[in-house]
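The values are calculated or read from the model by the stated rules, or taken from the named source; none is laboratory data. Computed from a prediction, not measured in an experiment: that's the story for all the values here. Cβ coordinates were reconstructed from backbone atoms using ideal geometry, including for glycine residues, and neighbour counts include every protein chain displayed. Protein only, heavy atoms only, side chains kept; ligands, DNA and RNA dropped before computing areas. Shrake-Rupley method; radii C 1.70, N 1.55, O 1.52, S 1.80 Å.
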Amino acid sequence: MRIATLLAGLLLTGAAQAQDKPQDRAPDKARQEYNRADLVRGLCQPDGCDEFAILAVETVRTDPEGTLKRTRFKTFHASPSGREPRTEETGYVYCSPTRPALVAEKQGRTVGILLAPFATQDSRETVRRYANVAATYFAVCHGLESGRAAARDLAGTAGALGYRVAAPQTETIDLRRPEDIAGPARPPSAAPADAQAAKAPPGRIPAPRAAPGEEPEPTGKEPLPED
């Protein structure tokens, strides 16, 4: 990984010059700062890694299947040149061993992401695209170390924690309110995230299919911008 190579080079340079001047040991300090204990690192790309800190978690409701929590985060972008603070974000996490999910509210829409830790049909790109979502979910529900582990190995982390999710693919659905994420089980006819995205116009998050016997409810709302 390019980031690790650059950091290793800085560390070795600092060690070689450690006996010259005290300020020459700065690369060691920079590396410690780069790996802050209070941050969870999600998706990494050639230009750096997405990170976040959990600022607040509040339990909203608990039901037999799980617990809905309101969350607030501070996001960052880390690279060899430093860490750039970005935005604060709020949302919801539904901690459930059978229906793990996150909920986001933007521009008047409430969107739920139903995780599939043991997905057999998610593409590699889908797994990467939801790496931050997986890290966020497990950090809130099981602690920061679990969040870091989930970003690297979602299936292994979920299996170690006793998750039982049969869904073969991640799903993105529209909700009336965050509490609706703890609704009925996913209908068999629901389209997975990849299939919905393939049929939808570019830039849109498709609405879920209606359950058998129900009419789909049009929203008439504009699509969410991509993060």
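Okay, here's what the table says:
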{"item": "Amide proton proximity set for L43, modelled H, under 5 Å, gap of 5+", "result": "D50, N132"}
{"item": "Phi to ³J(HN,Hα) by Karplus 6.51 cos²θ - 1.76 cosθ + 1.60 over the range 104-120, Hz, x for Gly, Pro", "result": "10, 10, 8, 6, x, 10, 10, 10, x, 10, 8, 6, 10, x, 10, 4, 9"}
{"item": "Sum of side-chain charges, T59 neighbourhood, beta-carbon under 15 Å (Lys, Arg +1; Asp, Glu -1)", "result": "0"}
{"item": "Loop sites in the range 37-78: GluC sites (Glu not before Pro), DSSP, at most 10 other Cβ within 10 Å", "result": "none"}
{"item": "The range 151-165 - phi-based ³J(HN,Hα) in whole Hz, Karplus 6.51/-1.76/1.60, Gly and Pro as x", "result": "5, 8, 8, 5, 4, x, 5, 5, x, 5, 9, x, 6, 9, 10"}
{"item": "Net +/- balance of residues flanking P97 in space, Cβ distance below 12 Å, scoring K and R +1, D and E -1", "result": "+1"}
{"item": "Accessible area of the range 32-110 divided out per residue, in Å², using a probe of 1.4 angstrom", "result": "50 Å²"}
